[in-house]
Each structure stands twice: as structure tokens, then as C-alpha cells.
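The values are calculated or read from the model by the stated rules, or taken from the named source; none is laboratory data. This one's a predicted model, so the numbers in the text were calculated from it and none came from an experiment. Every residue, glycine among them, receives a Cβ derived from its backbone with ideal geometry; neighbour counts consider all protein chains shown.
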Amino acid sequence: MTGRPGVCLVVGGPGVLHAMAGIGNATANAFPLLVLAGSVETAIVTKGGFQELDAISLLNPHTKFAVRPTSADGIGAALQNAYRTCWYGRPGTSFVDLPADLIRAKALQPPTAIPRLRLPAPPKSSANPVIIHKVAQLLKSATAPLIVIGKGAAYARAEFSIRQLVEGTRIPFLPTPMGKGVMPDSHYLNTSSARSVALRNADVVLLLGARLNWILHLEDTSLATLDSLSAPEDGNIVYVSEGANTMDISRSVFQLQHPRQKLDAGTSATMGVGLGYIVAAHAAYNISSIGRGPQNQKKIVAFEGDSAFGFSAMEIETLARQQIPALIFVMNNSGIYHGDTENEEEWRKLQKQTVMNETQDHGRSYCHRSKKGLRSTSLLYNTRYEYLATMCGGVGYFVRTEQELEDATRQGFLENERVVLVNVIVEPGVGQTIQFGWQSPSKKTGHDARL
């Protein structure tokens, strides 16, 4: 969102392991990230110290640069080198391992002896003009060209150039989830509503800051209320979404007219990142020393599947403590992908079967016996997630109807000091098949797009 490196400080051992998902995501997407971690004292390395981990060996294959300073005086130079390395060239992750004895040690040189230089933005690279010419010729010869706009284009702040390209050529475009807003979603050349058809029928696809992966597979009450409170063209809402069905639906439902205002589970579909993303978006846009100041702040609106929310739900306390007035919708269907029953009484029966270990129907032959009890992907029936917000001094809503959802959305959006959680009870979808679009068999059309 800022275009500058992010800095992540974790404890050693398990802290480094927890950071692996973010490190992999940053490396895969060329996002600059500096990770700092503590570690055991130098003298007890390999002797089974508390939370000891050879983080350098672990992270070397996944980072651009990993270093452990050998003295307190070397920490400053290591940090400078790591910060520059993660940002310059192809951006990625740098890691600095800081042993406990070096953290506590006194440096021989005073801090003023280390020159403090503001690192300028890295120089921009230029594409080979011969390749650019070949691409232009391919696009000219295409009968059904398509431009795919990814989050790399948003990160590069290339919206002006891309808008000139689209307007000048009138080539249809398809934004990826975090590439939304580089071109306004309301633009007449946006093919998001027919993405599968556009991808299947394109004969030349120009990828701008995107890669071909599972996101590009072939294949409304809160929306209207939010639009009435803040028009999409104003760009005053940052959307966060995670959870399989919740994330997939929100990608196409919410209109973005500006870049860098949509965050989701990303390349690796890592669940549990939603509430951390809320903190990051608030820091990027709303803290006066970093973003736009207190006079014109952006509202952070998050859509969470109930399972994805559970991974990091206690970060609600962080939001409350830091007075981050995010508006969080938890889509509650009492299960992962879908629930088990249409009512609580039936759910309690299945729960009892599970607790009593009565999960097999032994009245039938072995090969035909049926399973009883709750599925392994079942969640507690209509869990009252909104209490997590109220216990921290925030605001919670439990909604079952469209009118209740509209009222909660309106009141929650206008809250400017406390975190708000709207617990939205939706149909459990009993009996639905768990299926992702990228798992569907592709339909052959007789030609393949040239990339």
C-alpha cells in the first residue's frame, strides 16, 4: 500500500515459524519485507536453548538475504544492508537474526557514529524494446485480446499508464482481486462479470503484474448500504476479505474505482490474515505520520468467513486497544464451507453423537455403514462472535434479517472510535458439495490463448 518495505518483528523459534506464510507470500509476489527475530545467546547455539531454531538455514532458500550479526557493532550495518536488499532489485524478504546477548550488549560505537541515510526509491527497470515490439504486434493481430491486471500493477503504481493503454486500445481487461481499482470496476471494458468467458475465448492475454495461478481459473444488502454511505468513486473504503466462499463472492460484488484498496488471502490463500491486514491498512492510510492524517481517514471494512475469522479472532483486542474503528462482518454458517443442520435441535443431536462416540451406524454391513455425528468441518451452531467485540469495549451486532444487517452496517460504518463486529447468520447450505472453481474440469475450445 505504501510502496516501501514492511518491517515484521517476531520472537525466535515459533515466531519465525509463524512468519513463514508471510515470508513466502512476500517472496512470491516481490513485496519488500524485512523480518527481525530474536534468538538464543550465541554461546548456547546447538545446545538446546529455549526456543532455539537455526533460522538462517531455514530461511536462506526463501529469502533474498539472511544474516546473523556477530557483534553489537555490526547490527546497524546488517539492518541497513537487509533493508536495502529487500527493496532493491527484485523485491522480496530479508531476515536479520538477533541473538539475545547482542541485543543486551553495549556497542563500542555510539549510535550517532552510524550514518542515517534516507534510502531513495529503487531505480525503475526498463523492458527490452524488442520484446515490447513483439507484444505490440501480437496484440495488433489478436481478434479477442485481454489484459489481466494484477496486484503487481497496483504495487508499481502503474494505474495512469495502464488507463492510457486500455483507453487507447479499447482492449477489455480483467483485474485480479488485489489488482482491482487500477482500472475502475465501473469501466465499460471490465470483464469481471464474465471472467470465465473472457479467459476462455481470449486468443492473446497480456499479463500486467499478474501470474497464471488458481486465482485466474476458468470458470447484496451490505453492498448497497456501504455504497450509500461512501460512494465507490470517493475511494474512502479499504476492503479486506478471507474465507473460501466469503472471499470468492466479495471479489466480484464490491466495486473498486481506486487501486491498493483491496486485501485478501493472496497467492497462497493463507487464512487468518484478515485482522492483521486491518491493522496494516489502518497504519498505511490512517495514522497521521504515515498516511492521510485524522481529517480524512479511510474506513476499513472486513468480510470474514467464520472459519477464517477463528484463526486470528483475538486480534479484536488489538483493534480495540489501538482504537482502530474497523467494521468487521463475520459470515456465520456454522461450518467450514457449509453447516450440518438447518436448526439447533438437530445440531445438538449430532453433537451428542460425536461426544458419545456414536458416529457409526453399526446396523448396516461394513461397506454400507453411514457416518453420524458432526463433520470434522462443523463449527458451533450460531456462535456469538459479536461478544468478542463487546468484551473488549467495542460494538457487536447479531443479525438474522436484511433490515438488521442494513441497520448494523449503517451504525457500524459511522462508528469512529470502537471496533465493530457484525455477526451475520446465513443459511448453512446443508448438503452442498465442497467445490472450488479451479477444481472444475476445463472445457476445451479448440484454441489456447497466447501469453
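Of all residues in region 132-153, exactly one satisfies the criterion of being buried (at least 17 other Cβ atoms within 10 Å of the Cβ) and more than 13 Å from residue 207 (Cα to Cα), namely 142.
Taken over region 188-218, the criterion of being touching a helix residue (DSSP H, G or I) at 6+ places or on another chain (Cβ under 7 Å), at pLDDT below 80 and within 20 Å of residue 151 (Cβ to Cβ) is satisfied by 214, 215, 216, 217. Take the conditions (1) within 28 Å of residue 283 (Cβ to Cβ); (2) crowded, with 20+ Cβ neighbours inside 10 Å; residue 76 misses just one of them, which is (2).
Would you be able to say whether some residue in region 33-40 is on the phi < 0 side of the Ramachandran plot, not in a strand (DSSP E or B) and not hydrophobic (A, V, I, L, M, F, W, C)? Checking region 33-40: not a single residue is on the phi < 0 side of the Ramachandran plot, not in a strand (DSSP E or B) and not hydrophobic (A, V, I, L, M, F, W, C).
Screening region 284-339 for residues that are farther than 23 Å from residue 227 by Cβ and assigned to a strand (DSSP E or B) and picking the one that is modelled with the lowest pLDDT gives 335. If I filter region 8-31 for residues that are within 17 Å of residue 91 (Cβ to Cβ) and part of a strand (DSSP E or B), do I get at least one hit? Within region 8-31, one or more residues are within 17 Å of residue 91 (Cβ to Cβ) and part of a strand (DSSP E or B). If the condition is being aliphatic (A, V, I, L, M) and surrounded by fewer than 23 Cβ atoms within 10 Å (Cβ to Cβ), then region 390-429 contributes 391, 395, 399, 405, 414, 425, 426. For residue 242, are the conditions met, namely being surrounded by fewer than 19 Cβ atoms within 10 Å (Cβ to Cβ) and modelled with pLDDT of 75 or more? No: the conditions fail for residue 242. Would you check if there is a residue in region 77-94 being at pLDDT 85 or above and more than 26 Å from residue 29 (Cβ to Cβ)? Yes, there is a match, as at least one residue in region 77-94 is at pLDDT 85 or above and more than 26 Å from residue 29 (Cβ to Cβ).
Taken as a whole, region 422-440 holds at least one residue that is in a loop (DSSP other than H, G, I, E, B), at pLDDT below 95 and under 30 Å from residue 138 (Cβ atoms). State whether one or more residues within region 30-40 are at pLDDT below 90, farther than 22 Å from residue 102 by Cβ and touching a Gly at 6+ places or on another chain (Cβ under 7 Å). Scanning region 30-40 turns up at least one residue that is at pLDDT below 90, farther than 22 Å from residue 102 by Cβ and touching a Gly at 6+ places or on another chain (Cβ under 7 Å).
Under the condition of being in a helix (DSSP H, G or I) and charged (D, E, K, R), the residues counted in region 68-93 number 2.
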